[in-house]
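This report concerns only the one structure given below.
The values are calculated or read from the model by the stated rules, or taken from the named source; none is laboratory data. Computed from a predicted structure; not experimentally measured. We place every Cβ from the backbone using ideal geometry, glycine too, and count neighbours over all the protein chains shown. Surface accessibility is based on the protein's heavy atoms, side chains included, excluding ligands, DNA and RNA. Shrake-Rupley method; radii C 1.70, N 1.55, O 1.52, S 1.80 Å.
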Amino acid sequence: MSTLDWDREGLIWPHREASDFVDVGKARWHVQRMGSGPPLLLLHGTGASVHSWRGLMPLLAETHTVIAPDLPRHAFTTGHRAHAMSLPAMAGEIAALLAALEVEPAVIVGHSAGAAIALQLALDHGYAGPIVGLNAALRPFPGPFAQIFPALAKTLFVNPLVPRIFSGTVDLTGGAGRFLWRSTHSRIDPEGLACYRTLLKHPGHAGGALAMMANWDLPGLRQRMGEARNPVLLVHGGNDPAIPLAWARDAQGWLARAQLEVLPGLGHLAHEEAPEKAQALIAAFLAGQA
């Protein structure tokens with residue numbers, strides 16, 4: 001399946017000057033780095049890319065060296081096979097990237113599924129530092145949906161036509177802006193919207209997102225979540241339709257050392273809508289860990 005072209009689609013990517021490409025085995029990672037200070041790792045969510053951090057990253061870079069990769073088979077990161085898309089495997093791929101970069105994060109900030117990867121890094125790879133989950137996707141679907149959703153995603157993923165069909169219908173269903181509003185209840189800037197439109201219309205990226213959903217195992221993470229002793233801050237948009245606030249409260253109760261902050265009126269992409277508010281909460285949380 002085709003991949004995004006950095007010299008074509010990548011021309012509109014925010015902070016392009018901070019981008020680099022890092023080879024680890026057969027994989028080629030797209031990584032952005034900026035700032036100085038203790039290393040801070042940013043992990044975006046399913047179907048997104050480093051562009052999700054365009055507003056927050058420079059604010060965090062005032063106090064940290066910020067590292068943000070595109071996740072396996074997302075956007076401009078290439079070379080990962082489908083078996084690398086499970087939650088434990090993806091955490092292992094991130095650990096291998098960090099080893100290649102010779103970086104040990106002092107902080108990990110993850111959005112949505114990126115927060116689950118951060119916890120998996122703590123459980124499987126010894127990461128013991130603070131974790132910030134922005135609209136964190138940590139709660140499994142209730143009841144039979146826990147089994148039905150991954151099975152449906154897997155069925156769609158194994159059909160090679162589905163990513164092309166999905167990517168081709170974005171404009172027919174009202175465009176990327178309408179799609180994002182229905183799924184996130186977030187209104188973001190034109191720069192971010194242009195990136196999401198590029199990603200949503202590309203079958204290679206859509207296939208990567210489907211592969212991630214098809215191999216995700218949040219029930220397995222739920223069983224082990226209490227083992228994590230990391231201090232955790234959950235920041236949640238109060239208007240998130242994808243991950244209800246009640247689910248964030250559930251996740252807070254399952255973690256040994258977690259606190260929850262709510263951003264009223266914001267959606268699933270709260271950190272893109274109000275990066276300054278997210279940064280202030282992160283800074284206060286980290287100050288409390290010093």
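Between Ala194 and Asp124, the contour length at 0.36 nm per residue exceeds the alpha carbon distance by 21.6 nm.
Couplings 3J(HN,Hα) of region 227-243, computed from phi: 6, 6, 9, 5, x, 10, 10, 9, 10, 10, x, x, 10, 6, x, 6, 10 Hz, in residue order, whole Hz [Karplus 6.51 cos²θ - 1.76 cosθ + 1.60, θ = phi - 60°; x for Gly and Pro].
A cut-off of 5 Å between modelled amide H atoms, ignoring neighbours fewer than 5 places along the same chain, links Thr65 with Ser36, Gly37, Leu40. Per-residue ellipticity at 222 nm, computed for the chain from helices alone with -39500 (n - 2.57) per DSSP H run of at least four residues, works out to -12500 deg cm²/dmol.
Database remark: amide H of Val132 closer than 5 angstrom to the amide H of Ile108, Val109, Gly110, Leu233 (H placed geometrically; neighbours at sequence offset of 5 or more, or on other chains; Pro and chain starts carry no H).
Computed as a quarter of the hull surface, the mean projected area of the alpha carbon convex hull for region 1-87 stands at 6.1 nm². Centre-to-centre separation between the Cα atoms of region 228-267 and those of region 12-72: 23 Å. For region 64-78, the Karplus equation 6.51 cos²θ - 1.76 cosθ + 1.60, evaluated at θ = phi - 60°, returns couplings of 9, 7, 9, 10, 9, x, 6, 5, x, 6, 10, 6, 9, 8, 9 Hz by residue, with Gly and Pro reported as x. Label sites at Val103 and Phe21, each approximated as a point 7 angstrom past Cα along Cα to Cβ, lie 1.8 nm apart. Rounded to the nearest 5, the antiparallel percentage of DSSP beta bridges internal to the chain is 35%. Applied to region 214-225, the Karplus parametrisation 6.51 cos²θ - 1.76 cosθ + 1.60 on θ = phi - 60° returns per-residue 3J(HN,Hα) values of 5, 10, 6, 9, 6, x, x, 5, 4, 5, 9, 4 Hz, with x for Gly and Pro. For the chain, the fraction of C-alpha pairs more than 32 angstrom apart is 16%. Express in nm, to one decimal, how much length is gained between Ser36 and Asp5 on full extension, taking 0.36 nm for each residue of separation and deducting their alpha carbon distance. Between Ser36 and Asp5, full extension yields an extra 8.2 nm.
Per residue, region 5-47 exposes an accessible area of 48 Å² to a 1.4 Å probe, with every protein chain left in place.
Direction-averaged projected area, Cα convex hull, region 71-127: 4.0 nm², rounded to one decimal.
Counting DSSP beta bridges in region 1-91, what percent are antiparallel, to the nearest 5? Write out the running numbers ahead of the final one.
Working: 11 of 14 bridges.
Looking only at bridges with both residues in region 1-91, the antiparallel portion is about 80 percent.
How much of the accessible area of the chain, probe 1.4 Å, is carbon plus sulfur, in whole percent? Roughly 56 percent of what the probe reaches on the chain is carbon or sulfur. Amide H contacts of Val24 (H built 1.01 Å from N, in plane; Pro and chain starts excluded): Trp29 sit under 5 Å, all sequence-distant by 5 or more or on other chains.
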